[in-house]
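Visitor: Input: one structure, supplied below.
The values are calculated or read from the model by the stated rules, or taken from the named source; none is laboratory data. All values derive from a computational prediction rather than experimental measurement. All Cβ positions, glycine included, derive from the backbone under ideal geometry; neighbour counts span all protein chains shown. Ligands, DNA and RNA are excluded from the accessible area calculation, which covers all protein heavy atoms including side chains. Shrake-Rupley method; radii C 1.70, N 1.55, O 1.52, S 1.80 Å.
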Amino acid sequence: MQIATFAAIDIGTYDIFLEIFEISRKQRIKSIDKIRHRIELGRDTYTNGKISPEVEEELCTVLADFARIMSGYKVDAYRAVATSSLREAQNSLFILGKIRQLTGLEVTILSNSEQRFLGYKALATMETDFNKIIEKGTAIIDLDGGSVQVSLFDKDALVTTQNLRMGSVRIRERLSGIVSETSHYETLVGEFIWNELLSFKKMYLKDRKIENIMLLGDFFTNSIFQNEEERNSRIISRKTFRSWFQQISGHSSMELAVKFEIPLENASLIRPAAVICNSLIDMMDAQQIWIPGTHLARGLAYEYAEAKKLIKVSHSFENDILMAAKNIGKRYAVNRPHIQNIDMIATEIFDSMKKIHGMGARERLLLKIAVMLHDVGKYISLNNPGQCTYHIIMSNEIIGLSHAEREMIALIGRYNTEPLPQYDQFAQIAPVSQKQYLMIAELTAILRLANTLDRSHQQKVQQVRAALHERELLIHLNVNNDFTLEQGLCQEKIDFFYEVFSVRPILKVKRQM
């Protein structure tokens with residue numbers, strides 16, 4: 001039986017976490033060791049905008065120890081990631097360089113959408129509970145030191161995910177100067193966050209029933225569970241949560257540290273975290289709360305296991321990414337029949353050109369999202385849709401995509417209607433490599449051609465089949481109406497396609513009787 005040993009390092013807002021896993025088809029993902037070191041990177045970042053030299057030295061020392069531990073376990077692979085505390089630090093690149101120099105570890109800074117997707121994947125590895133719960137209206141509340149991510153599910157599909165910059169460390173630091181002036185700390189935090197929560201409610205909770213809530217975060221002590229059954233299932237009622245919240249309210253951090261037998265630093269984060277979660281639970285009126293106790297590290301282990309084909313999870317994560325994009329398109333009133341039609345055409349062209357472009361499943365996904373969102377800019381301006389499309393996509397998170405991937409999609413959407421600059425000019429607009437530029441050009445060429453084949457927005461193409469023959473791409477189209485407009489306007493797109501791929505599309509149109 002093949003067993004892989006994998007290490008995951010999470011450089012978080014208030015601690016650094018190492019977890020060692022054994023992964024196999026039989027036992028799936030098994031945690032064999034966990035090590036946590038308390039260090040508040042977020043305090044420096046959210047207060048001063050950069051991490052101090054003293055904290056930087058401590059970070060490198062701890063990571064060097066982690067590297068030695070990983071060597072002792074003889075891990076087959078590892079992944080080290082950092083979240084908002086490094087993502088928002090002005091000196092993040094210097095710190096990554098120093099970590100590499102002193103520890104030999106390569107650390108990746110995750111975008112917010114990548115970070116939350118990993119937490120969500122960690123949940124989904126608990127297949128039985130997760131799949132059962134999200135059959136009904138469900139909210140995942142993923143709270144860390146920098147922000148809270150709220151993802152809404154309905155009928156096993158992701159409806160929307162939004163990031164609110166109101167994490168426990170961020171709030172604690174913002175209110176640190178006035179906390180001593182009030183005896184009603186919970187009320188103060190509630191007032192501070194209420195406007196953002198109200199905006200979220202108006203936009204995303206209207207007429208939506210939330211029956212279940214999943215709480216992710218390290219802020220909930222075992223004291224929240226009132227009996228053995230709750231401890232085993234990790235599911236509590238709203239009444240139980242309210243009772244726990246009342247135990248928290250009105251107590252200082254020192255009192256909570258003594259009461260729950262936890263470090264003072266942890267206790268100082270429980271208070272704002274409890275207020276945030278209580279406010280969202282009240283707003284959503286959910287009755288059942290699941291606190292699975294998973295960690296982002298488990299999501300890293302899942303991704304490694306998936307890549308090595310050691311496990312298979314039934315839940316479709318790609319579908320979640322597509323649903324998130326679909327709901328953005330819905331918000332900006334895209335033409336759904338048009339989108340579906342050009343998606344059919346674009347994916348057929350992409351698949352038929354694999355020998356030429358060499359792209360894989362991930363790039364195919366990016367193309368499908370670009371198709372879904374290529375027209376969103378028309379919601380703002382019919383005269384300048386390209387730039388508006390770019391800014392709308394860059395302003396909306398798509399869970400599971402990196403910042404670079406989202407920017408690629410935004411650029412494809414922009415240059416669907418605007419002339420694509422040469423690389424030297426393009427690099428001044430967006431910091432992309434030559435390889436990324438070529439990929440953007442190729443996916444743009446496919447989108448332009450597919451889009452022009454539904455120029456009338458009447459979905460005349462009923463079936464499409466494409467086949468590569470030497471330096472020609474034969475595109476067989478079954479249409480249900482006169483196709484003169486589309487054929488007359490597609491020459492420019494065909495020429496651009498040929499310029500990019502050195503393959504000339506040849507349309508073979510057959511009208512259905």
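Visitor: Report, by residue number, each residue of region 291-317 that is touching a helix residue (DSSP H, G or I) at 6+ places or on another chain (Cβ under 9 Å), of a type in the set (A, V, I, L, M, F, W, C) and either open to solvent by 10 Å² or more (accessible area, probe 1.4 Å) or assigned to a loop (DSSP other than H, G, I, E, B) (or both).
Guide: ILE291, LEU296, LEU310, ILE311, VAL313, PHE317, listed by residue number.
Visitor: Next question. For region 336-375, name all the residues that are open to solvent by less than 60 Å² (accessible area, probe 1.4 Å) and in a loop (DSSP other than H, G, I, E, B).
Guide: Answer for region 336-375, where residues must be open to solvent by less than 60 Å² (accessible area, probe 1.4 Å) and in a loop (DSSP other than H, G, I, E, B): MET353, MET359, GLY360, HIS374, ASP375.
Visitor: For region 13-53, which positions are open to solvent by less than 80 Å² (accessible area, probe 1.4 Å), in contact with an Asp or Glu (Cβ under 9 Å, 6 or more places away or on another chain), of a type outside the set (A, V, I, L, M, F, W, C) and within 16 Å of GLU303 (Cα to Cα)?
Guide: GLU19, SER31
Visitor: Pick from GLY104, GLY97, GLY119: which is over 22 Å from the mean Cα position of the chain (by Cα) and over 23 Å from SER52 (Cβ atoms)?
Guide: GLY104
Visitor: Testing GLN226 on (1) more than 28 Å from GLY12 (Cα to Cα); (2) in contact with a Ser or Thr (Cβ under 7 Å, 6 or more places away or on another chain); (3) not in a loop (DSSP other than H, G, I, E, B); (4) not β-branched (Val, Ile, Thr), one condition comes back false. Which one is that?
Guide: Only one criterion in (1) more than 28 Å from GLY12 (Cα to Cα); (2) in contact with a Ser or Thr (Cβ under 7 Å, 6 or more places away or on another chain); (3) not in a loop (DSSP other than H, G, I, E, B); (4) not β-branched (Val, Ile, Thr) is unmet by GLN226, namely (3).
Visitor: Out of curiosity, is ARG511 open to solvent by 10 Å² or more (accessible area, probe 1.4 Å), at pLDDT 95 or above and over 35 Å from the mean Cα position of the chain (by Cα)? Give the derivation first.
Guide: On the way: open to solvent by 10 Å² or more (accessible area, probe 1.4 Å): yes; at pLDDT 95 or above: no; over 35 Å from the mean Cα position of the chain (by Cα): yes.
The answer is no for ARG511.
Visitor: Looking at region 226-278, which of its residues are touching a residue at least 60 places away in the same chain (Cβ under 8 Å) and of a type in the set (Gly, Ala, Ser)?
Guide: SER249, GLY250, SER268, ALA273, ALA274
Visitor: Is it the case that some residue within region 189-207 is out of contact with any strand residue (DSSP E or B) (no Cβ under 6 Å at 6 or more places or on another chain), modelled with pLDDT under 85 and part of a loop (DSSP other than H, G, I, E, B)?
Guide: Yes - at least one qualifying residue is present in region 189-207.
Visitor: Let me ask something additional. Regarding region 54-65, can at least one residue be identified that is surrounded by fewer than 16 Cβ atoms within 10 Å (Cβ to Cβ), more than 25 Å from the chain's Cα centre (by Cα) and touching a residue at least 60 places away in the same chain (Cβ under 8 Å)?
Guide: No, the conditions are met nowhere in region 54-65.
Visitor: Among (1) without any contact (Cβ under 8 Å) to a residue 60 or more places away in the chain; (2) open to solvent by less than 10 Å² (accessible area, probe 1.4 Å); (3) more than 30 Å from LYS330 (Cα to Cα), there is one condition VAL189 misses while meeting the rest; what is its number?
Guide: (1)
Visitor: Now a separate question. Any idea which of PHE66, PHE17 is not acidic (Asp, Glu) and not in a strand (DSSP E or B)?
Guide: Details: PHE17 fails: not in a strand (DSSP E or B).
Exactly one of PHE66, PHE17 is not acidic (Asp, Glu) and not in a strand (DSSP E or B), namely PHE66.
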